[in-house]
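The structure under discussion appears below in the form of C-alpha cells.
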Amino acid sequence: MLTLSHLAVDHGKARALWDLSLHVGRGEKIGLLGANGAGKSTAMGAVIGLYQVAAGTVTFDGVLQVQPTTAQTVASGIALVPEGRRLFPGMTVLENLQMGAFAATDRADAEPLEQVLKLFPILRQKARQAAGELSGGQQQMVAIGRALMSSPRLLLLDEPFIGVAPMLVEEILAALRQIAVDGVTMLLVEQNTHRALGFVDRAYVVENGRTVLEGGSEELFADPAFAAKFLGLE
C-alpha cells in the first residue's frame, strides 16, 4: 500500500532524513523505531504532505505521490495522528472530531462519527466538553477519532502514547487492534520498543535519517544486537 524509496527530506538548510526506505503491505501494522531525532516524525510528515521530498519517492496504492498537498493526501485515503495530538483545545470534542471530516465527499454522512463513538464510548459522554479539559488519554482518543473521520485506508500514528496513563494505553491499544481488524493499515512511530513490537507485525529501525534494520517483531526481539541497542530506549 505504501512504499518509501530512498527518501530524503530537508528542514531548511539542514537534512533531516537521508535515505529511508520501507514498504507497508495492505492490512499490515508496521512500526518505525529509533531514538529521538532519528527522522521518524519527518518521514510521517513527508508521507502526509507536510514536508517536501528532497530526494527519493513516496508511492501510495501504486500511485507515485508528487508533492501533493496535505488535503489531497487525506482525500486519497491517508490520515495522520500527529505527535502531541494537536487538538483545538477551546473547541468541543465533537467539533474536533468533525474537523477530521473536512475532506469527506459527503460531510453529512454520520457513519464515521458513530463508528468513532462506538470505539471510544467516553467521547460520546464528553462530546460537548472542551477538548482541552480532557485527560491526556482522552485527548489521544479524540486525536485518533479525528483521523478516522476521513475513513482512511492508511493510518499514521506518531507517538500516540505520550502523556497517556498506563490504563488508558491498554484501552487505546485495544481500539487500535479493532481498527486493524476493520481493515485499516497502520504505520506506527513509537519510542517504547517493547510496546511497539508487541503490537506491530514488522518494524523498521531508523538511525540518523537512514533505515538500518528491518524484521518481524519476534525476529527483532531475538536479535542480540537490536536488543542491546534499542530495547533500552524506554
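The values are calculated or read from the model by the stated rules, or taken from the named source; none is laboratory data. All values derive from a computational prediction rather than experimental measurement. Backbone-built Cβ (ideal geometry, glycine too); neighbour counts: all protein chains shown.
Below is a table of values for the structure above.
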{"item": "Residue ID - surrounded by the fewest Cβ atoms within 10 Å (Cβ to Cβ), chosen from residues in the range 19-52 that are of a type in the set (D, E, K, R) and more than 11 Å from TYR204 (Cβ to Cβ)", "result": "ARG26"}
{"item": "Those residues of the range 61-81 which are surrounded by fewer than 20 Cβ atoms within 10 Å (Cβ to Cβ), in contact (Cβ under 8 Å) with a residue 60 or more places away in the chain and in contact with a strand residue (DSSP E or B) (Cβ under 7 Å, 6 or more places away or on another chain), in sequence order", "result": "GLY77"}
{"item": "Qualifying residue in the range 107-115 (condition: in contact with a helix residue (DSSP H, G or I) (Cβ under 8 Å, 6 or more places away or on another chain), surrounded by fewer than 22 Cβ atoms within 10 Å (Cβ to Cβ) and under 30 Å from LEU4 (Cβ atoms))", "result": "yes"}
{"item": "Of all residues in the range 117-172 being of a type in the set (Lys, Arg) and free of Cβ contacts under 8 Å to residues at least 40 places away in the same chain, the one that is surrounded by the fewest Cβ atoms within 10 Å (Cβ to Cβ)", "result": "ARG128"}
{"item": "Options ALA165, ALA101: the member that is among the aliphatic types (A, V, I, L, M) and touching a Pro at 6+ places or on another chain (Cβ under 9 Å)", "result": "ALA101"}
{"item": "The lone exception for ALA79 - which of (1) touching a Ser or Thr at 6+ places or on another chain (Cβ under 9 Å); (2) part of a loop (DSSP other than H, G, I, E, B); (3) under 27 Å from LEU197 (Cβ atoms) it fails", "result": "(2)"}
{"item": "Residue within the range 189-197 that is part of a strand (DSSP E or B), buried (at least 16 other Cβ atoms within 10 Å of the Cβ) and not aromatic (Phe, Trp, Tyr) present", "result": "yes"}
{"item": "Number of positions in the range 200-234 that are in a helix (DSSP H, G or I), crowded, with 18+ Cβ neighbours inside 10 Å and in contact (Cβ under 8 Å) with a residue 24 or more places away in the chain", "result": "1"}
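Results for (1) assigned to a helix (DSSP H, G or I); (2) at pLDDT 95 or above, shown as yes or no for each residue.
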site: HIS23; (1), (2): no, yes
site: GLY56; (1), (2): no, yes
site: GLN72; (1), (2): yes, no
site: GLU95; (1), (2): yes, yes
